[in-house]
Structure formats: C-alpha cells, structure tokens
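Enquirer: My structure is below; once you've seen it, I'll send some questions.
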Amino acid sequence: MTLIVDQPQLGVDAEDKSISTDSNELVLDGGFAVPETNSFGHTFRDYDADSERKKVVEEFYRMNHTHQSFEFVSKMREEFGKLNRVEMSIWECCELLNSFVDESDPDIDEPQIEHLLQTAEAIRRDYPDEDWLHLTGLIHDLGKVLLHPSFGALPQWAVVGDTFPVGCAFDESNVHFKYFKENPDYSNPAYNTKLGVYSEGCGLDKVLMSWGHDDYMYLVSKENRTTLPSPALFIIRYHSFYPLHRSGAYKHLMNEEDIENLKWLHIFNKYDLYSKSKVRIDVEKVKPYYMSLIEKYFPAKLRW
Ligand SMILES: O[C@H]1[C@H](O)[C@@H](O)[C@H](O)[C@@H](O)[C@H]1O
Ligand SMILES: [Fe+2]
Ligand SMILES: [Fe+2]
C-alpha cells in the first residue's frame, strides 16, 4: 500500500482542494484515499471501541439479534412488499432521510443524506464512467425511510445494521453474536443447522435475509421497474451483509451469479464504509447530475 498526501475530496472543486499531509491515509486500488480512522478517532467498524456511540450501538444489536427471526422477517417482507404506503420520487426520499441518524453505525452520526452523497461522489471520482454505480451509491440506503412515521416508524433494529440470513444457523462473524442466544430461532432445530431450510448453492435470492433497508430498497427498485443492472440490485440488497462480503461466511449459499455480483459489492463497500466523514457535500451543486441519473434509471414517481 502507498501513502498519499491529499484527503478524499468529496464534491469539492480542484481549485479549492485543501491539501493535508496527514500520513494516516492509505491509497487502495481505485485511488480513493481510505482513512485509517473514523471521525471519532477509532478504526472503522470497531464495535468495542469506547466511544459515546458504543452503548447505543450495542443496545441496537441486542434488540436486532433478539427479534429478527424467520417468522418476523417473513411477515415484514410480505407486508412492506405491498408498496402501498407512499408515492414519491427518489429525490424526495433522499430529502426525507435527512432527519435520521443511524443508531447502528459506530462511524457516523451525520444525517443520512450526507452519507448518500459522500458515497456517490467518492465512487464518481474513481469510476467516472459507471454512472449506474454513482446512482447506486446515492440510493443504497434509501430504505431507511422505514424509520419515518408514514411507514409506521419502524424501530431502528428493524431497519438498519448489518444483515444476516434467517432460517439457518447464525454465523459467529456477526457483530455482537452473543445476542442471538435470545432469538427464538437460535434453539429451533429447523433453523439452527448450517443449511437450515436452504440447500448448498441455492443462490442468495432464495435466502431470507434479516429485515431492513437493504431488502426493502431492493423490492422498491425492482417493483418500480428500475433499469439499473443486476450488480446494482445486488449491491442494494446485500450491502449490509458484512458476514458475507467482509468475513466470507455463508458462501455455501451463493450461486454463480452471486459470485459475479459480489465482485462489484466488494468495490462498492470500500466507498460505502470509508467515505463516512465530516466532509460536507454541496447538495445544490451536485443535484442536477443525480437528477439526470434518476431520470435515466427510474420512473418519476415510485410506489413505496
Ligand atoms: O450500521 C450500518 C448502517 O446501518 C449501514 O447502512 C448498513 O449498510 C451497515 O451494514 C450497518 O452496519
Ligand atoms: Fe446501509
Ligand atoms: Fe451506506
């Protein structure tokens, strides 16, 4: 790895780049400068670091792991898959998200729109020609609108955080694994073996994932007939599946297509995770570009 000298410039013009010779940044393949620490001075995804956020995050995972059971997920997927709650555009949804802070995330306490634009703009710098990937960055977390009162104000544990399959044994690589012991599926012999209700290589599409913003936004995109390509839908649907894309767990459930798509998810993840910072994006400045992408890949109004 190479040391570099400038900060990741997110949506900032070349002229007003403030160069810092901070040596705690590393360059990875795409050229994006991966910071070594988050805005709280800790390494990213450190769930044990003593910070103001530690307690909130741990309590979040206790609730999440206790309640995300096969039965709960099946019900939520059926209910929210109806998409009969709201009609709105993609951009309206971005604005709605502005009022939420994600309690599962040890790395950011900014309103969500910052994170969406930080991710998208960081990708755009390194992959200028992949416009579908820029838009994927912008929309990947829009499913967090499930927190909003017009969606029934779902609790955080039913919307955010890492995801994992239900219907088979919980893997130890899940953060705060210990809290799964409170989950009714933990001691259910139908669900607590390596394969559970699934078969080897069945494909992730057949696997029921814990309920949250990933699967919901996948359903919204698919049902509203987005023209985004397959890897985009895969990224949206599995970007919180850290046990798979970071730890390599649950790979036995993947099929050939999943293996191909996972390559793009690995690329995406770097930007999703490491672009989280206090660098603000000028929303009005970048809005016209993203509006043109939304128009290219989505209908004007979507059913949510
Ligand atoms: O806390 C975060 C956050 O909720 C992200 O949106 C999600 O994708 C991550 O997997 C999770 O760890
Ligand atoms: Fe997310
Ligand atoms: Fe994200």
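So that you can scan it fast, the table gives a plain yes or no per residue for (1) within 16 Å of ligand 2 (Cβ to nearest atom); (2) free of Cβ contacts under 8 Å to residues at least 40 places away in the same chain; (3) of a type in the set (Lys, Arg):
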| residue | (1), (2), (3) |
| --- | --- |
| 257 | no, no, no |
| 263 | no, yes, yes |
| 266 | yes, yes, no |
| 269 | yes, yes, no |
| 273 | yes, no, no |
| 278 | no, no, yes |
| 283 | no, no, no |
| 292 | no, yes, no |
| 296 | no, no, yes |
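Enquirer: Which one of 281, 294 is modelled with pLDDT under 95, more than 15 Å from the chain's Cα centre (by Cα) and under 16 Å from residue 140 (Cβ atoms)?
Expert: Numbers: 294 fails: modelled with pLDDT under 95.
Every option except 281 fails the conditions.
Enquirer: Okay, moving on. I want to confirm something. Restricting to the stretch 52-84 and keeping residues that are open to solvent by less than 50 Å² (accessible area, probe 1.4 Å), outside any helix (DSSP H, G or I) and within 26 Å of residue 38 (Cβ to Cβ), which single residue is modelled with the highest pLDDT?
Expert: Result: 68.
Enquirer: Tell me, yes or no, whether the stretch 164-171 has at least one residue that is within 16 Å of ligand 2 (Cβ to nearest atom) and under 14 Å from the mean Cα position of the chain (by Cα).
Expert: yes
Enquirer: So which residues in the stretch 229-241 are open to solvent by less than 10 Å² (accessible area, probe 1.4 Å) and either touching a Gly at 6+ places or on another chain (Cβ under 6 Å) or of a type in the set (A, V, I, L, M) (or both)?
Expert: Within the stretch 229-241, 232, 235, 236 qualify.
Enquirer: Now a separate question. Among the residues of the stretch 111-129, count how many are open to solvent by 20 Å² or more (accessible area, probe 1.4 Å) and either closer than 20 Å to residue 226 by Cβ or touching a residue at least 24 places away in the same chain (Cβ under 8 Å) (or both).
Expert: Matching residues across the stretch 111-129 total 5.
Enquirer: Name the single residue, out of those in the stretch 85-125 being assigned to a loop (DSSP other than H, G, I, E, B) and polar (S, T, N, Q), that is farthest from ligand 3 (Cβ to nearest atom).
Expert: 89
Enquirer: Taking interchain pairs and intrachain pairs at least six residues apart, which have beta carbon atoms under 7 angstrom, with the first residue in the stretch 140-164 and under 19 Å from residue 59 (Cα atoms) and in contact (Cβ under 8 Å) with a residue 12 or more places away in the chain and the second small (Gly, Ala, Ser) and more than 14 Å from ligand 2 (Cβ to nearest atom)?
Expert: 147/153
Enquirer: Please state which one of 179, 191, 198, 186 is open to solvent by 20 Å² or more (accessible area, probe 1.4 Å) and in contact with a strand residue (DSSP E or B) (Cβ under 8 Å, 6 or more places away or on another chain).
Expert: One residue alone meets the criteria, 198.
The values are calculated or read from the model by the stated rules, or taken from the named source; none is laboratory data. None of these values were measured; they are calculated from a predicted model. Cβ atoms come from the backbone with ideal geometry, glycine included; neighbour counts cover every protein chain shown. The area values use the complete protein model at the heavy-atom level, side chains included, leaving out ligands, DNA and RNA. Shrake-Rupley method; radii C 1.70, N 1.55, O 1.52, S 1.80 Å.
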